[in-house]
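To keep things clear, I will list the structure first and then write my remarks on it.
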Amino acid sequence: MTTGPDGTADWEPPHQPVTPTAQLAHTGSPDTPWLIGAGGVLVAAGGGAVRAGSRRRRHPHTSDNQ
């Protein structure tokens with residue numbers, strides 16, 4: 001039996017914090033790189049479509065401008 005600083009008989013010393021030995025849980029999806037890659041392809045395809053569309057407007061093939 002130990003005696004605390006105030007003289008009580010059932011005193012226990014404070015517990016030391018336990019340092020975790022395990023790693024954090026894995027979060028996220030294993031498919032994340034594939035999704036990012038697919039998104040990049042879609043953005044590039046959209047940019048190409050916008051560029052192709054703007055090229056057609058710069059060179060009209062109608063006879064309205066004569």
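The values are calculated or read from the model by the stated rules, or taken from the named source; none is laboratory data. What you are looking at is a predicted structure, and each value in this text was computed from that prediction instead of being measured. Each accessible area value is taken on the protein alone, full model and side chains, heavy atoms only, with ligands, DNA and RNA left out. Shrake-Rupley method; radii C 1.70, N 1.55, O 1.52, S 1.80 Å.
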**Prompt:** Taking segment 46-64 as the search range and keeping residues that are part of a helix (DSSP H, G or I) and open to solvent by 60 Å² or more (accessible area, probe 1.4 Å), which one is modelled with the lowest pLDDT?
**Reply:** Arg58
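When you scan segment 5-22, do you find a residue that is on the phi > 0 side of the Ramachandran plot and modelled with pLDDT under 80, even just one?
Among the residues of segment 5-22, at least one is on the phi > 0 side of the Ramachandran plot and modelled with pLDDT under 80, which makes the answer yes.
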